[in-house]
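Trainee: I am attaching a structure below and will ask some questions about it afterwards.
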Amino acid sequence: MSIAPIINSPAASGLSPTLPPAPANPREELAKLLDGRYPDARGRYGPFGGRFVPETLIPAITRLEQVAREAFNDTSFLDELSMHQRDWIGRPTPLCHAANLSKLWGVDLWLKREDLAHTGAHKINNALGQALLARRLGVQRIIAETGAGQHGVATAAACARLGFACRVYMGAADVERQAPNVQRMKRLGAEVVPVESGDRTLRAAIDEALRDWVSDPMGTHYLLGSAVGPHPFPFLVRSFQSVIGREARAQFHERTGRLPDQAYACVGGGSNAIGFFHGFLGDERVELFGVEAGGHGDKPGEHSSTIARGRPGVLHGCYSMLLQDENGQIIDTHSISAGLDYPGVGPEHSFLHHIGRVTYIAASDDDAITGVRSLCRHEGILPALEPSHAIGAIARLAPSLKGKSILVHLCGRGDKDAPILQAHGV
Ligand SMILES: *Cc1c(COP(=O)(O)O)cnc(C)c1O
């Protein structure tokens, strides 16, 4: 069975690969997002999003959306979610002033410490939330995809805690590169399936997970790990990750009596960034920056700057910005960090770019290394390579940011990156 071409083909969707015209009233478009008119009934955020999947998945996806909307209005669900968030994840995660780097760079730098969440990154917020939803769905089995392994570990942990059988699809190349996380998943009781097809990395793993789901849509929940995929996944993932932005805004205000001038988060599929940004989208004076992986060059294959360099198209069930060639074929990506190495991006980010509420910039592999070094040496924190792109961007831009208060989402810790760091002499 081959369903990936149906899911991936822009031609099959009849959607335009050219950028839609800028909206006449961006403020009204943002209002629709903030008051819940987006995602609309078709799962769209303005022109982006939707659900481009085989017919066989529609009943499962429709049921998932219904069950989620009921759960989000049920205090017993929300109470259980916050109990696990507090006792098991360790929420709220701290807000931390980076006093030494502030002095060095002439800014006022603050970090939202999601690296201190259970299993070491933000992924656990979504894994826990969707596993609780899977209970209400009545499924027996959960499947997931993973790139570097962080989402696989988070899903394996949530499945162990809530009593689900768990299978994780992982590109064979990533299985080789990320051995410690493969061991962690297995120790937590998950079955790890190496995917030999396609690019042998995350994109192939998602294709394979979708294939599995098609074979048993009603008995299985596909626990998607980023704010991508067909509606309602981008909405679900954002809902479970937005606890980060809510906490960060309240903590920042409590500590400083104001809001930051600027807030930064790295963008792969976009889950950590969307959860973080949602705390501030309604605060017009807070400038928001999404940091994509600029890799080691501007040519196709050298970076993963999807929004900066992509065009709209359909990948993995949704219409969003995409790195593709003239024929709509997906272009290979590169980033020093496995978590940012994805040719697509969540539709809500494409929308926020489209209406100009968030500015998307690129930070290179070298910027990321600078970011890791800076936080290690000056703040005693070993960050993951992904958020180090945001730190590195600030290091580079610092001369133009003098005196600004800046909040960075430090979405993961760096233990997983030890082999890459060693190879780069860090
Ligand atoms: C997975 C991961 C990312 C990238 O995923 P998003 O969905 O863009 O957040 C970024 N940082 C860390 C630490 C990750 O584990």
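Trainee: Restricting to region 313-331, and then to whatever is in a strand (DSSP E or B) and aliphatic (A, V, I, L, M), can you tell me which residue is farthest from the chain's Cα centre (by Cα)? Before you say what the answer is, go through the steps one by one.
Mentor: Filtering region 313-331 for residues in a strand (DSSP E or B) gives 313-315, 318-322, 324, 330.
In the following step, the residues that additionally are aliphatic (A, V, I, L, M) were identified as 314-315, 321-322, 330.
Details: Val314: 18, Leu315: 15, Met321: 15, Leu322: 15, Ile330: 19 Å.
If we take residues in region 313-331 being in a strand (DSSP E or B) and aliphatic (A, V, I, L, M), then Ile330 is farthest from the chain's Cα centre (by Cα).
Trainee: Hand me the list of strands (runs of 3 or more DSSP E) wholly inside region 92-185 holding 1 or more residues that are within 14 Å of the ligand (Cβ to nearest atom) and closer than 19 Å to Leu236 by Cβ.
Mentor: Of the strands (runs of 3 or more DSSP E) lying wholly inside region 92-185, those with at least 1 residues that are within 14 Å of the ligand (Cβ to nearest atom) and closer than 19 Å to Leu236 by Cβ span 141-146, 165-171.
Trainee: I'd like the full set of residues that are crowded, with 24+ Cβ neighbours inside 10 Å, over 18 Å from Pro54 (Cβ atoms) and among the hydroxyl-bearing types (Ser, Thr, Tyr), limited to region 185-236.
Mentor: Ser226 - this is the single residue of region 185-236 that is crowded, with 24+ Cβ neighbours inside 10 Å, over 18 Å from Pro54 (Cβ atoms) and among the hydroxyl-bearing types (Ser, Thr, Tyr).
Trainee: Here is a further query. Enumerate the pairs (first residue in region 318-339 and closer than 12 Å to Ser305 by Cβ and touching a residue at least 24 places away in the same chain (Cβ under 8 Å); second residue anywhere and within 15 Å of the ligand (Cβ to nearest atom) and of a type in the set (Val, Ile, Thr)) with beta-carbon separation below 6 Å, excluding pairs fewer than 6 apart on the same chain, so at least 6 apart or on different chains.
Mentor: That search, which allows pairs on different chains as well, returns Met321/Thr306; Met321/Ile307; Met321/Val345.
Trainee: Only one of (1) part of a loop (DSSP other than H, G, I, E, B); (2) out of contact with any strand residue (DSSP E or B) (no Cβ under 8 Å at 6 or more places or on another chain) fails for Arg373. Which number is that?
Mentor: Every listed condition holds for Arg373 apart from (1).
Trainee: Among the numbered conditions (1) open to solvent by 10 Å² or more (accessible area, probe 1.4 Å); (2) within 15 Å of Leu288 (Cα to Cα); (3) within 16 Å of the ligand (Cβ to nearest atom), tell me where Thr359 comes up short.
Mentor: Exception for Thr359: condition (3).
Trainee: Right, next: Given the options Gln140, Gln150, Gln130, Gln178, name the one that is open to solvent by 10 Å² or more (accessible area, probe 1.4 Å), closer than 18 Å to Ala227 by Cα and in contact (Cβ under 8 Å) with a residue 12 or more places away in the chain.
Mentor: Details: Gln140 fails: closer than 18 Å to Ala227 by Cα; Gln130 fails: open to solvent by 10 Å² or more (accessible area, probe 1.4 Å); Gln178 fails: closer than 18 Å to Ala227 by Cα.
Within the list Gln140, Gln150, Gln130, Gln178, the selection yields Gln150.
Trainee: Now, a different point. For region 373-411, name all the residues that are over 18 Å from Gly295 (Cα atoms) and out of contact with any Leu (no Cβ under 9 Å at 6 or more places or on another chain).
Mentor: Hits for region 373-411 are Arg377, Gly380, Pro399, Ser400, Leu401, Lys402, Gly403, Lys404, Cys411.
Trainee: Could you identify the single residue in Pro17, Pro10, Pro54, Pro39 that is at pLDDT below 95, open to solvent by less than 50 Å² (accessible area, probe 1.4 Å), touching a Gly at 6+ places or on another chain (Cβ under 7 Å) and not assigned by TED's automatic domain parsing to the domain that holds His353?
Mentor: Pro10
Trainee: Given Gly344, Gly282, Gly295, which one is assigned by TED's automatic domain parsing to the domain that holds Cys411, in contact (Cβ under 8 Å) with a residue 12 or more places away in the chain and open to solvent by 40 Å² or more (accessible area, probe 1.4 Å)? Give the steps one after another, and end with the answer.
Mentor: Details: Gly344 fails: open to solvent by 40 Å² or more (accessible area, probe 1.4 Å); Gly295 fails: open to solvent by 40 Å² or more (accessible area, probe 1.4 Å).
Within the list Gly344, Gly282, Gly295, the selection yields Gly282.
Trainee: Is it the case that some residue within region 369-382 is more than 14 Å from the ligand (Cβ to nearest atom), of a type in the set (Ser, Thr, Tyr) and under 22 Å from His122 (Cβ atoms)?
Mentor: The first filter runs over region 369-382 and keeps only residues more than 14 Å from the ligand (Cβ to nearest atom), leaving 369-370, 373-374, 376-380.
Within this subset, residues satisfying the condition of being of a type in the set (Ser, Thr, Tyr) are 370, 374.
So of that shortlist, the ones also under 22 Å from His122 (Cβ atoms) come out as 374.
Yes: region 369-382 contains one or more residues that are more than 14 Å from the ligand (Cβ to nearest atom), of a type in the set (Ser, Thr, Tyr) and under 22 Å from His122 (Cβ atoms).
Trainee: Related question: Given the conditions (1) within 16 Å of the ligand (Cβ to nearest atom); (2) farther than 28 Å from Glu176 by Cβ; (3) of a type outside the set (Phe, Trp, Tyr); (4) surrounded by fewer than 22 Cβ atoms within 10 Å (Cβ to Cβ), and given that Lys402 satisfies all but one, which numbered condition is not satisfied?
Mentor: Among (1) within 16 Å of the ligand (Cβ to nearest atom); (2) farther than 28 Å from Glu176 by Cβ; (3) of a type outside the set (Phe, Trp, Tyr); (4) surrounded by fewer than 22 Cβ atoms within 10 Å (Cβ to Cβ), Lys402 violates only (1).
Trainee: Sort through Arg86, Arg91 and tell me the only one that's among the charged types (D, E, K, R) and open to solvent by less than 70 Å² (accessible area, probe 1.4 Å). Can you show your working first?
Mentor: Numbers: Arg86 fails: open to solvent by less than 70 Å² (accessible area, probe 1.4 Å).
Sole residue among the options that is among the charged types (D, E, K, R) and open to solvent by less than 70 Å² (accessible area, probe 1.4 Å): Arg91.
The values are calculated or read from the model by the stated rules, or taken from the named source; none is laboratory data. Fair warning: this is a prediction, and the values are worked out from it, not measured in the lab. Cβ sites come from the backbone with ideal geometry, for glycine too, and all protein chains shown count toward neighbours. Accessible surface areas use protein heavy atoms only, side chains included; no ligands, DNA or RNA. Shrake-Rupley method; radii C 1.70, N 1.55, O 1.52, S 1.80 Å.
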